[in-house]
Each structure stands twice: as structure tokens, then as C-alpha cells.
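A short write-up of the structure that comes next.
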Amino acid sequence: MNLDDVIALASARTPSHLDRARTRRAARQVLDAYARTAADGRDPLGDLDAGDVLGPQADEAGRITRAAQSARAGWLRWDRATGRLTWSDAMSQTFGYPAVTPVITVDVLAAGVHPEDFAEAEAAVRRGWRDRVPVELTVRVVRPDGALRYAHCLVELLSDDGLTPTGIVATVHDITRRELDRQEHDRRRRRERMAPHRPPAADAPPALMTRAGFADAVDLAAHAGTGAVLVMSLEPVGGAEPEAGALERAVTPVLGGAGDARGSLGMFEFAVLFRDPAAAAPAAAELQRRLGTVTVGGARLRASAGLVPLAGPDRPSGHDVLLDGEWAAAEAHRRRVPLHSLPGPRPAARRERAVRDRIDAAVRGGQLCLYAQPILDLALHEVTRHEILLRVRRPGRTAPELPAAFLAAAERGDGIVTVDRWVIDRSLALIGQGPQTSQFQINISGRTLSHPGTAAYVLDALRRHDVDPRRITFEITESLVITNGTAAAEFAAAVTAVGCELALDDFGTGYSSLGVLRALPIGLLKIDGGFVAGLSGSPADRAIVSSLAGMSRALGVRTAAEAAEDPATVELLRDLGVDFAQGYAIGRPHPFAASPAADLTAGPELGRATG
Amino acid sequence: MRVVGSAAADGDETAETLREAALDATFSGFFTRHHAAVERYLHRLEADRGMVEDVTQEAFLAVRAKWADVQHYTDPRAWAMAVARNMLRDEQKRRGRTPALFFDDIGMPEVPAPADPAEAEDLLASWIQLLPPRMGEVFSLSLDGMADRAIALTLGISHNTVREYKVEARRKLKHLAEADGFTTPAGRRRR
């Protein structure tokens, strides 16, 4: 079938019995309604124009303008012979003129129509005149009081003989409301496309909370005055060292819905919050038994657990309780018992000493090591930068792990300054021994930034190790910058003065603020991986990354994207105008050696074909 | 109590009643002949069947009120169409809805071939509803066999516009039909 067949079939309709009955009923209803309105003396026509539309008419223009008036629309008429432009009273009022200005000039229109629309409308009308076709267009009319109206115009050619055009008449409807509806409709659709509501899969176990989120949950429970926190430190026995993601994926379903909240504290540490402290110990035994049955990458898991009841006179913060739990779990491991229960949170002094001891042991005992991850310059398609990352090698374990738990502990006291100084000194030492052909990005914590003497320490280290300051970028995190505004500004001024670059890390999450870009001499913006990982599947992420890149370009700031995990994402980042990409698609972190020349000049892991 | 049982007044009343009865009768004939066409016309401009039925009744009520004059018009049906259309557009404006659906609201389900004239009419109406409002009006009236001049007068637009819109509407409808899979001429199965 095609259009003509459908039309032919539709016109073959003959009224059925039912149709005829319905028509008779409808006719009766109209006559009844008419009898009622006549009895009431009402006029069912209202202000309807009741003239004979097909009756003898004056000229075409008069007929059309009269039809416009009866449809409560405005009209505008141009006569070719006289060159006169006339319009209706309604139009005159819309444009802010007294109703007694029937003859106008084009300038009047140009003054009232939005300048962006006027040129376009004029061109469209000229085209219509040339091609002898009617034109429909919508323009914005700016009224003298500044109010904006949307006007739909049907621009028609007048012709006495049906051939030669003698003028133009435009019928103008105010469609502001309809236009706003349409815009709102478009906006909603765009919003739906950008933020699709995806309910989580019904059978997926609830995701684990982050360390910070879990600490907040513990804070709330501690405030209520009751509960217990179970921290489990997992040790893979036999088999290969599992990856961080693999371990979490294996543990999440085991934790399932245990307790009232579940979090992942570090690479090997997981925690469960119980609002009812009595439920904690039996649940701990059951969880340990079930974790004992799990294998990850061929390795079985042995869990040492620490239990901290939220009781006692001083109310510690959630972070402190987690540190106590981790200490208790380590204690259980040391004593070779499955569970070590504390009577309550530890006294602050002992907790701080434990943290300090652990950090000292790590720094002096050679447990810290540095990795470097390549960063691709998307314009050159060449690795020109490396981010230096800290890893912690736990005694008895082969693979160094992510330092999340370690740094969380260090951040609680001044221990982090010791760690950061070690990282700065060690990094610069290694860089100084190498060819210094790459740009190196070193992370520095907010607490270290605000620590007096950090800038002096950095400048001294640069001199000592004979490192070109222009090769060094310091990455700072926004949340910390904000709490240390003045200190951050002082540090930034000191290191940028000698040629170092400042980068803003994890931009777009947490306590993001655009104000930082104005306040500090930031040279590089690192877009948080959360916006990058799902880039190819998310129009919303694309819009955000593209806008961040555009804004940064305008500010003279370069952009880098974290978590670029596949070649398609890298290509997309290049198209969106991002300057650098970092992630598994470019290269995984590798141990940062003293003579890294071979490592650093190696190309990105993704194929050249993508460039 | 009526004091004077005036024969003249009684006569006037009777004459009035007879006149109204005669108008009712001719109007009923007009209604039966054209009700379906007016309703069909409105349905091609508005997808909401309830609104179409209400406006059709309201339009015929107006026709009945003016029937004494309208019955002598050149084309009473064209007048009824014009009244119905103005009322529909007013109602659409009042309800704050756009006269036509939005193109991107339309999903892409498989559209089955119509099996009878009623289904064909519905399918056709669904396409015409997607045309720009004025174009849909022109095409719909021309489908009902109205002459170009009458369409121009009914809609209050120029002859030139009617001619151009008839061609343009058919071109757009063809695209819409093809988008729904109606491409092959009759006699062959679709796809």
C-alpha cells in the first residue's frame, strides 16, 4: 500500500447502522441543546463571525484581513502598486503604537522584531515573493516594555487574476504559549536523554560505600549512641595477588545485606556497621566462614576481623572508629585469632600513636614505593607526562597496594606531611637521575600544602636533586584547597614562581568549586574519572566534559581526563577538545625506576591505528 | 392570567413554532448529510477524539442558531467547517496544547496496513495531524472535494497559498507514509 491507496480506502467509507444511529443521537442532542439556549435567551455563537464566507467578497486582501480579524489574529499588508505597508490595530498595539497608526514603514517592523529574526524573516519573505510560494515563519517581537512574544506569520501572495502577484498579506498569530510549550517539551526530552533513570538491576547486590561515605554512616550511628563496627582485613592465601576490583567484586555478594551499612575501606579492608551491637559478633563469625569459601584468582581469602562497639564517654568520629577497627583487625592477625574485639573506641592519644608508628614503619621500613602512569598528549598522540603514584607494600604481601586506607590514616594527623615529603624527595631524586624528558605530576595533600615550610622544602629538594622545575606539576585536590585557601595561595605563588605547574585533581566531584580556577594559577584541570569512564554511553557526560574543555580553553587552562579505559573513549576525548588522557587505554601504572628512560619513551598501549 | 386571548398573538406564536419546526427539520437533514464530514475534518486536525466530538457538537449548535440565515448561504457546509475549525483552534489554545503532535513523540512501532475504510481514515488522520496546522486544513478540505477557491475563502487565505499547500502537503504526507512503511503500490504485499 502507499499513500494513494490509503486515501482511496478511506474515502470508500459508507456509514454503518451504528454510525447512522450515532448521528441521529448527536443531532437530537444538538437540537435539545439549542432549545435550552433559546429558552435561556443565550447566544451559542458568542463573538463568532457569522458572515457567509463564500458570499460575494471584496478583493482577496480584504477577505483575508477580515478572516484574520475574526480569528483574533493580526495582519500586515503590503501593496505593490502603492508600496504602502498597512497593519491591523492589534499589531499596532503589540508593537507599542497607538491604535491609530495604520500606515507604517519597514523601519517600524525592524525596530519591533528581534534583530536576530528580522534579517531571516526578510530573506524568507523575499524568497517567497520570488518563488511565488507562501511562507510560514515565527519571529520574536520585543514589545516596548521589553516583554517578548512569539508571533507566527503566514505570509501570502495576493493576486487578482490568480497569476500576477499584486502584494503580500501576512496573518499574524500570537503563539507565545504554544512556543513555550514546545520549548519546555524539547527541554524535557533533552533532560530525559541526558539523565536516563535507570533502576538498579533487581538481583545485583547493593554496592559498597566508599570509605568517606561509610565513615559518615558510622558518625550517624555514633551520634545515636549505639552500634558496632566490624572491620575485616582480607589476606589472599596461595594463588596470585588479586586485583583491587576483582576482590571487591567477589566480596560484595558475600557481604550482601549484612548489618546496616557496608563499605570498602581500602584494597583489602571491608567494614560492616551494625546498629545493634549484640548482632555484630555472631554476624562476624558467619561472614568469616563464608569469606573462607571464596576464591579470587585461585587464592583463598583469610579474614582477620576487628570489632569496635560505639560506646564509651568520648564520642569519636567515624574516621577514628575505622582506624580503631583496622588496628583491631591487624591485632587479630598478629595474635593469630579470627576476631579481636575492643571494649570501645580507643583513647585518642593511643590511636594517634598507633597511626604515627605505622607511618614511621612504612616510611623507614621501605614499605612505600612509587609508580608512574603515562599520560597521553591527545594532540601529539604521544606520552609526554607521567603521574607519580604512591603504593604501599604491606609486610608479607608481594604486590604493593593502593594507599587509600594508609593515606586515610595518615590524613588524620601530621603523618601525611612525612609521607608527602618522602614522595616529593623520592620522586625528585628519581627524576633528577633520569633524562627529564617527560613532565611529572606529583600529588600533594591539602594538609601538607597548609603545613608551614612545604614550599621551602620543595624548592630545596628541586635544587638538591638538580631537577628542572618546569618539568614538575603538583596535583592538588579541590576539597583541600578550599579549606586551606591562604596556605594554598602561598604555596601556589612560591612554586609557580620557579616554573612549576599546578594541576587541580578530581575536578567535578566532591567539593568542586569553579572559584578555585580564578583564585589559583591552575595550569591543568584533571577531569574526574567518574565523567570519563562511561563517556561513550552517556550524552550527559559528553556534554559536561565538552563544556569543561571549552571553559578551560577560554581560561587558558589545559585539561586532562582520568580513567580513559578504551581506545574509543580516547578518540572521543580528542574530539571533545580535551588535551590529555590518562587511564588503562594509555597505560597502567608501572614501577617508577631510577633510570626510566626506556619506560618513558614507550608509546601508549593503544594501537597507533587509532591516531 | 392572560387577559386578552389575542388571536393575532396566538397566530404569531403558532407561526414562530411552525417556523422553528421547519428549521429543525431542514437542519436535521443538513446534520445527517455533513456531520461525519465535519467530525472527520476536525479529527484530522486533532488526535483527541473527545475534544473533536465536543467541538463538533458545539459547532453544529452554532449552525443551528444561525440556520435561518446559513441555510441560504452559498455553501452552508463550508461555513460549518469554518466555524468548527475556529472553535477547535480556540479550544486547543485554551487547553494549552499544541495543535499537532511533535514529530519526536512518535515511536517507530510497526504500522499495520489498514483493513477497512475506518482504519484507513484513522491512519490518514494520524499523518495529517503531523502536518503544519494550516497545511493540514488545506489538504483535508481538498480531500473532501472542496474547490480551491472555496478552501481559500473558508480558511481566509489566498488562492496561491491553497495551490502551493496542496502540493506541499501531499509531498510531506508521502514521506510520512513511507516512514511508516507504506511505499509499494496496491496489489503487492508490503515489504
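The values are calculated or read from the model by the stated rules, or taken from the named source; none is laboratory data. On a predicted model such as this, the values are computed, not experimentally measured, just so you know. Virtual Cβ from ideal backbone geometry, glycine too; neighbours counted across all protein chains shown. Side chains are part of the model used for accessible areas, which takes the heavy atoms of the whole protein and leaves out ligands, DNA and RNA. Shrake-Rupley method; radii C 1.70, N 1.55, O 1.52, S 1.80 Å.
A compact table of results
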{"read-out": "Rg/Rg_ref, segment A:420-542, where Rg_ref = 2.2 N^0.38 Å and atoms are Cα", "value": "1.12"}
{"read-out": "Size of charge dipole - segment A:60-181 - debye, nearest 20, with Cβ of Lys, Arg +1 and Asp, Glu -1, no other charges", "value": "180"}
{"read-out": "Estimated FRET transfer efficiency (A:C369, A:E235; beta-carbon r; R0 22 Å; 0.05)", "value": "0.65"}
{"read-out": "Cβ-Cβ FRET estimate between B:H175 and B:A113, R0 fixed at 22 Å, reported to 0.05", "value": "0.75"}
{"read-out": "For A:T295, solvent-accessible area (1.4 Å; no DNA, RNA or ligand), Å²", "value": "90"}
{"read-out": "Set of segment A:519-543 residues, backbone N closer than 15 Å to the point 7 Å along the Cα-Cβ line of A:A195", "value": "A:539-543"}
{"read-out": "Using alpha-carbon coordinates, inclination of helix A:539-555 to the longest axis of chain A, degrees", "value": "80"}
{"read-out": "P(r), alpha carbons of segment A:60-181 - 5 Å bins starting at zero, rounded %", "value": "2, 11, 21, 27, 22, 12, 4, 1, 0"}
{"read-out": "Packing rank of B:151-163, A:170-182, where each peptide gets the mean count of other beta carbons within 10 Å, highest leading", "value": "B:151-163, A:170-182"}
{"read-out": "Centre separation in Å (Cα based) which lies between segment A:69-120 and segment A:282-330", "value": "79"}
{"read-out": "Degrees, to the nearest 10: A:17-40 long Cα axis against longest axis of chain A", "value": "70"}
{"read-out": "Fraction of antiparallel bridges per DSSP, the protein assembly as shown only, in percent to nearest 5", "value": "70"}
{"read-out": "Stokes-Einstein diffusion coefficient of segment A:343-449, Kirkwood radius over Cα pairs, 20 °C, 1.002 mPa s, in µm²/s", "value": "139"}
{"read-out": "The protein assembly as shown, helix-only ellipticity at 222 nm - DSSP H runs n ≥ 4, -39,500 (n - 2.57), divided by all residues, nearest 500", "value": "-15500 deg cm²/dmol"}
{"read-out": "As computed over segment B:8-99, the Cα convex hull volume per residue (Å³)", "value": "100"}
{"read-out": "Sequence ranges B:65-72, A:360-367, ranked by mean other-Cβ count within 10 angstrom, highest first", "value": "B:65-72, A:360-367"}
{"read-out": "Charge dipole (the protein assembly as shown, unit charges on Cβ, about Cα centre) - positive-most of A:G96, A:L370, A:G583", "value": "A:L370"}
{"read-out": "Taking the convex hull of Cα positions in chain A, its mean projected area over all directions (nm²)", "value": "47.7"}
{"read-out": "Kirkwood Rh, Cα atoms: Rg over Rh of segment A:87-140", "value": "1.01"}
{"read-out": "Hydrodynamic radius (Kirkwood) for segment A:277-402, which is based on Cα pairs only, to one decimal in Å", "value": "17.6"}
{"read-out": "Nearby lysines by direct alpha-carbon distance to B:K166 (threshold 18 angstrom, same-chain neighbours under 8 apart not counted)", "value": "B:K174"}
{"read-out": "Rg/Rh for segment A:206-346, where both radii come from Cα atoms and Rh is the Kirkwood radius", "value": "0.95"}
{"read-out": "Charge dipole of the protein assembly as shown about the Cα centre (unit charges at C-beta), most positive-ward option of A:V392, B:P132, A:V139", "value": "A:V392"}
{"read-out": "Other protein chain Cβ atoms within 10 Å, averaged over every residue that makes up A:176-182", "value": "3"}
{"read-out": "Shielding by partners - mean other protein chain Cβ count within 10 Å, residues of B:159-168", "value": "5"}
{"read-out": "Among A:L208, A:V294, A:A503 - extreme Cα towards positive end, dipole of the protein assembly as shown, charges at beta-carbon", "value": "A:V294"}
{"read-out": "Neighbouring partner chain Cβ atoms per residue of B:67-78, average, 10 Å criterion", "value": "2"}
{"read-out": "Value of D in µm² per second that Stokes-Einstein yields for segment A:355-597, Kirkwood Rh from Cα pairs, at 4 °C (1.567 mPa s)", "value": "71"}
{"read-out": "Mean projected area (nm²) of the alpha-carbon convex hull when segment A:400-481 is viewed from all directions", "value": "5.8"}
{"read-out": "Unit charges on C-beta of K, R, D, E only; dipole of segment B:107-191, Debye", "value": "420"}
{"read-out": "P(r) histogram, all alpha-carbon pairs of segment B:116-157 included - 5 Å bins from 0, percent", "value": "5, 23, 28, 20, 15, 6, 2"}
{"read-out": "Karplus 3J(HN,Hα) series, Hz, for segment B:58-68 with 6.51 cos²θ - 1.76 cosθ + 1.60 (x for Gly, Pro)", "value": "4, 5, 5, 4, 5, 4, 5, 4, 9, 4, 4"}
{"read-out": "Accessible area buried, both sides summed, chains B and A with 1.4 Å probe, Å²", "value": "5400"}
{"read-out": "Computed FRET value (nearest 0.05) for A:L163 with A:R188, which takes r as the C-beta separation and R₀ as 35 Å", "value": "0.15"}
{"read-out": "Hydrodynamic radius by Kirkwood, which averages 1/r over all alpha carbon pairs of segment B:107-191, in angstrom", "value": "13.9"}
{"read-out": "Amide H contacts of A:R302 (H built 1.01 Å from N, under 5 Å, at least 5 apart or other chain)", "value": "A:E235, A:V237"}
